[in-house]
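Notes to accompany the following structure.
The values are calculated or read from the model by the stated rules, or taken from the named source; none is laboratory data. Model, not experiment: these values are computed from the prediction. When we count neighbours, we look across all protein chains shown, and the Cβ atoms used for this are built from the backbone with ideal geometry, even at glycine. When the accessible area is computed, the model is the full protein with side chains, heavy atoms only, and any ligands, DNA or RNA have been set aside. Shrake-Rupley method; radii C 1.70, N 1.55, O 1.52, S 1.80 Å.
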Amino acid sequence: MNDDQLLRYSRQIMLPGVDLDGQLALADARVCIVGAGGLGNPVGLYLAAAGVGHLTVIDDDVIELSNIARQIAYTDEDVGASKAEVLAREMRRRNPHVSVVAHSQRLTPQNAAAMISGSQVVVDCSDNYAARFTINDACLALAIPAIFAAATAWQGQIFVTNPASAEHPCYECFNPSRDELDASCARNGILGPLVGMIASQQAVEVLRLLLGLPAAPVLQLYDGRDSQWHRIAMAPRAACPCRSK
């Protein structure tokens, strides 16, 4: 690590639980972000700024004007461009010391294993149920921790899975129905800063995992109207297919 990097990360390095060894671990880490929208923007920018060395962004969507109010990496000039490509560009601009690969394609059951293989953590910023189950299935098969999150209207939630831990439920334990529900921002609206709060907490959870800190099997819920966080203890569901894998 050169002098420029030591200065760049100096405020992190001084933290107990990070120090120089932790920062070097972040520089070697590989994280995959699925979704480059309201959650993916802050997650990507914060992880790049924190010095996570190898980042992948997956999203097949393009930027629309209605995205700009909450997807903070984009400007009016980016409308019509690939979300994955523009977010990757902005991540590199925040930190030239990290490697960012963009995939302007949809994550599917057919390509998921190949696209996330080698990652230490997968971050779900997808905003749709089909992608979450695809991520869950692939992460179970590859034994990769995943951090799921959702935000709509005034509410947000975060849920960490770790296939290596018998105490951790998977996403299907938490949500056994694979029926698609329309909880989209287009239908329900969204408060822009609330997305940033949830995404920032996702980024914290990623860094905690990469630094070797334990993640509790809990569902974190945030209510923006009351400005309250709630934590609900979760356990694996006996009938879930993950229990037989």
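Yes/no per residue for (1) over 18 Å from Val204 (Cα atoms); (2) out of contact with any strand residue (DSSP E or B) (no Cβ under 8 Å at 6 or more places or on another chain):
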position	(1), (2)
Met14	no, yes
Gly35	no, no
Gly38	no, no
Ile68	yes, yes
Gln71	yes, yes
Glu90	yes, yes
Pro96	yes, yes
Please state which of the following conditions Arg30 fails to meet, knowing it meets all the rest: (1) at pLDDT below 95; (2) surrounded by 14 or more Cβ atoms within 10 Å (Cβ to Cβ); (3) not aliphatic (A, V, I, L, M).
-> (1)
Residue selected from the stretch 218-234 under the condition open to solvent by 70 Å² or more (accessible area, probe 1.4 Å) and touching a residue at least 12 places away in the same chain (Cβ under 8 Å), by the criterion farthest from Pro163 (Cα to Cα) = Arg225
Residue satisfying all of: in the stretch 235-245; outside any loop (DSSP other than H, G, I, E, B) and touching a residue at least 40 places away in the same chain (Cβ under 8 Å); farthest from Glu205 (Cα to Cα) among these | Pro241
Check Gly51 against each of (1) of a type outside the set (A, V, I, L, M); (2) at negative phi; (3) in contact with a Lys or Arg (Cβ under 8 Å, 6 or more places away or on another chain) and name the one condition it does not meet.
-> (2)
Selected residue (only one of Ala149, Ala131, Ala153 is over 23 Å from Asp223 (Cα atoms), in contact with a Gly (Cβ under 9 Å, 6 or more places away or on another chain), open to solvent by less than 40 Å² (accessible area, probe 1.4 Å) and of a type outside the set (Ser, Thr, Tyr)) = Ala131
List pairs: first in the stretch 16-36 and on the phi > 0 side of the Ramachandran plot, second in a helix (DSSP H, G or I) and among the β-branched types (Val, Ile, Thr), Cβ under 8 Å, 6+ apart or cross-chain?
-> Asp19/Ile13
Specify the residue that is farthest from Val34 (Cα to Cα); the eligible residues are those in the stretch 115-132 that are of a type in the set (A, V, I, L, M, F, W, C) and modelled with pLDDT under 95.
-> Ala130
For the stretch 1-114, which strands (runs of 3 or more DSSP E) that fit wholly inside it have 1 or more residues that are small (Gly, Ala, Ser)?
-> 99-103
Selected residue (criterion: surrounded by the most Cβ atoms within 10 Å (Cβ to Cβ)) from residues of the stretch 56-72 that are farther than 22 Å from Ser99 by Cα and among the charged types (D, E, K, R) | Arg70
